[in-house]
Every structure is written in C-alpha cells, then in structure tokens.
Amino acid sequence: MSLWIINGSVWDEASGGLRKVNVRLEDGKIAEIAAGEQTPETGSAEVINAAGKLLSAGFIDMHVHLRDPGFEYKEDIATGTRSAAKGGFTTIACMPNTRPAVDTPETVKYILDKNENEGVVRVLPYAAITKNQLGRELTDFAALKEAGAIGFTDDGVGVQSAQMMKDAMTLAQSMDMPIIAHCEDNTLVEGLFVSEGEFARKNGLKGIPNESEAIHVGRDALLAEATGVHYHVCHVSTEQSVRLIRLAKSIGVKITAEVCPHHLVLSDEDIPGMDANWKMNPPLRTPRDVQSVIEALEDGTIDMVVTDHAPHSAEEKARGMQLAPFGIVGFETAFPLLYTKFVLTGKWTLGFLLKRMTADPARVFRLPTGRLEEGAPADLTIIDLDCERAVDPSTFASRSNNTPFGGWKLQGWPVATIVNGKVVYNEAAN
Ligand code: DOR
Ligand code: ZN
Ligand code: ZN
C-alpha cells in the first residue's frame, strides 16, 4: 500500500528556504522524494494534498511521562500517544516513574505490548536505575535491556549517592547503554517549589537554588569522564549547568543534554501568581538562566528539545502551588510555541528548530528515524505554518490539560502525523 503526499514543502538547508516536493511512502519507508514541480502519477495510491504545508521528519521527544502503568487517571498509553501524534511527535521515550516503576523486564514488556495494541506512535521505554527509584539498589540492567529498555534513568528524582551513580555508569557503559539524569540534590530543595528569583522574593518564599541542579551535573560529568559512559542531562535549566556541560564537552566527555520549551520561553518573572500550572521541576528560573539555555541550544552545548510532558489531573493541580505535583503537559504546544517565539521572530531558522526536534535526538540516541530521506522510516509530520490559533487546553488529546500556555496565540500547528507509513493523526478528519 503506498501513500503519496503531494505539493508539500520541505526545508532546504542549501538554499535556506522551502522547496516543493512530492513524497511517496511505501512499506513503512520513504520510497521517493520527487521534485514538486509537477503532480506525480499516483495511480491507486492514497493521496494527501499538502499544498501550502511543511513536511518534516516526525518529531522525536526523548523525555515524556505517559503515567502508564499506575496513574492512568492522568494519562495512559492510548491518550498519551494520541497527544504526542497531535503535537507532531512520532517517537517518544517514556520515563519510568510509574506505579510500579519500570524496574523489571515485565513492566518494560507491558509498555511495549500495550503500545503495540493501543498506541499510535513509537514508544521507547527507559528503565529505572534503582529499584522503585529509591536510590538504594541497582536494577537488573542486562534483563531490562534485553526486554527493550533503551537507557536508564530515575527521572522524577536525582540519584543522591555518587557511588550509586558511578556503579550505574560503569554497568551501563559495559553494555553500551546511556544514563539519563534528572539532576537534583535533595538536601537543597526540600519543601521548596519555585526557584530563587523575583517571584520568590515578591511572595516571601524561600527559593530552589540553581546549585541544586548544577551540583549533580558537575558530579556526574566527572563520573562520566571516569567511566566513559554516555551521560545525558535532563531538562537543563540553569546557567551553571550550561557552563559545566560546555566544559565537559570541550574536554571530550560523552555528555549530551536536553532543554524543554518552557525553560526556553518562560522565566520565574512570568509566573502570574500562585497557579500550579506554572509549577514544574526544574522550576522556571531567572531571565539570565533562560538566556543561557537558549544560547546553549544554539551553540550545540544542549543537543535537543524535549517536552518533559508531565500530565497531572485538574484536581491535583487545584491543590495550589505548594501542594500540587510538579509538571506540565507539553506535546501539543511544543512546536507552535518554539516556531512562534524563535523562528517567526527571526532568531532561528526553521531548519534549526526542526533539527533540534528530529535529527539531533536521533543522532544522540542512535535512532533510525528523524531524517526526511529516501530509505528512511516513513515517520512524517505535516505542519500548517500559516495557521494561527489560541491554545485551548480543553481540546487537548491528552487526558490532562495542565499548561501555563492556555490562551496564547501561536502559529505553526501540526495538521497530520504519519508513523511507519500510517496516518495516525489528521486534523481534517477530527
Ligand atoms: O515537572 C516534573 N514532572 N518534573 C519531574 O522531574 C517529574 C515530572 C513528573 O513526573 O510529573
Ligand atoms: Zn526530571
Ligand atoms: Zn521528566
């Protein structure tokens, strides 16, 4: 069964602009990318007319929370992957802070099987570094890898013991697997929920210091140097972390990093009040930190954009800033947010943004996807770059709608998403 996407445009790096193409998908692969001057003979193939739309390799999000198993009232694999598809993502890597945590081969298999049956995008599961993510005992890395885990992380919490982290890195390195780290020193953050900065000062709150993140980044960069492991830093949010990652990269440590859209577009000074939709971990930092992570993404110190999609129920978020859980949903606003704030303002090229959401995560995690080339897997996103629309959280495909971006007027909305040659989201059909 073949599918033609006709009259679309792709980013052309050589000319720094758009180029018209017709793309034929067959047997789960991009079979042909033809110059778009004339309409091809499509025969009996299914046809999508992408006139006036952008075609991109499907977006890849290496940091998401699907909440399945255990917290299905927030999200599950069916709703989470539909939310991803609606945001243009075709591959997502899910975090193990579920209930039970992903610390046995059975739970890895549960996720892969459930996605096979109910999911609509590719799901790559991470497994926990320590049993139940308690930081006390390593999981069985070999069995978890064998079951299909693609890396190890205790995301949601930092690995507090340096010895535990060193043991994890040594073992991961020996089996050619990456360690992915949520960097946070618990002794510096206890009971705190916003960062040190203007918002904390104005509201008489003690703030989370930047060092709580950077202390782990520095410690782990040293351990990564000593062990030779591929070490990936989650959701970088501070100037100090950026400085350490830049230094470690410059001396050849195998360190990579990610940043979230909210840390690129929001600072603590944007928080409108005690509203838990502005509460996430790491917290929104100062404008100076925001500038640092932007520059780090621009110069390659930070390799990719991830959403840290973290759904929570309305009831949980209504508990108020202090008591509500950390986290915001991210799939359905990521691209329009960054396109509007960085590409339409002339700060980034479209090609740069697409690369940080496709080819770069694929390079870092050695995935076969993330390329719009003949022979590559048929994972594509079709985007209406001219469409401007206000964010309406009530229309999210996610089961949750905890976002600070409600009402924001954004431009550049995904309209169709194709995974392995199959249309899994089509706005026209919704
Ligand atoms: O904001 C966050 N939400 N940060 C985390 O580290 C965990 C995540 C979650 O699981 O809700
Ligand atoms: Zn985290
Ligand atoms: Zn996370």
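What the table shows:
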read-out	value
Among the candidates 132, 186, residue that is modelled with pLDDT of 95 or more and either among the aromatic types (Phe, Trp, Tyr) or over 23 Å from residue 110 (Cβ atoms) (or both)	186
Enumeration of residues in segment 24-80 that are touching a residue at least 60 places away in the same chain (Cβ under 8 Å), over 23 Å from the mean Cα position of the chain (by Cα) and more than 28 Å from residue 355 (Cβ to Cβ)	none
Enumeration of residues in segment 82-131 that are surrounded by fewer than 24 Cβ atoms within 10 Å (Cβ to Cβ), more than 18 Å from the chain's Cα centre (by Cα) and charged (D, E, K, R)	99, 106, 109, 113, 114, 116, 118, 131
Qualifying position, being buried (at least 21 other Cβ atoms within 10 Å of the Cβ), more than 23 Å from residue 199 (Cα to Cα) and aliphatic (A, V, I, L, M), among 242, 233, 259	233
Residue 127 vs. criteria within 16 Å of ligand 2 (Cβ to nearest atom) and among the hydrophobic types (A, V, I, L, M, F, W, C)	yes
Strands (runs of 3 or more DSSP E) fully within segment 5-109 counting 2 or more residues that are basic (Lys, Arg)	17-26
Residues (more than 16 Å from ligand 2 (Cβ to nearest atom) and surrounded by fewer than 23 Cβ atoms within 10 Å (Cβ to Cβ)) located in segment 57-81	69, 70, 72, 73, 76, 78, 79
Boolean, residue 51 is surrounded by fewer than 14 Cβ atoms within 10 Å (Cβ to Cβ), of a type in the set (Gly, Ala, Ser) and modelled with pLDDT of 95 or more	yes
Selection status of residue 229, within 15 Å of ligand 1 (Cβ to nearest atom) and of a type in the set (A, V, I, L, M)	no
Any hit, segment 132-139, residues being assigned to a loop (DSSP other than H, G, I, E, B), within 26 Å of the chain's Cα centre (by Cα), touching a residue at least 24 places away in the same chain (Cβ under 8 Å) and within 16 Å of ligand 1 (Cβ to nearest atom)	yes
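The values are calculated or read from the model by the stated rules, or taken from the named source; none is laboratory data. Note that the coordinates shown come from a computational prediction; the quantities given were computed from them, not determined experimentally. Note that we place each Cβ from the backbone using ideal geometry, even for glycine, and neighbour counts take in every protein chain shown.
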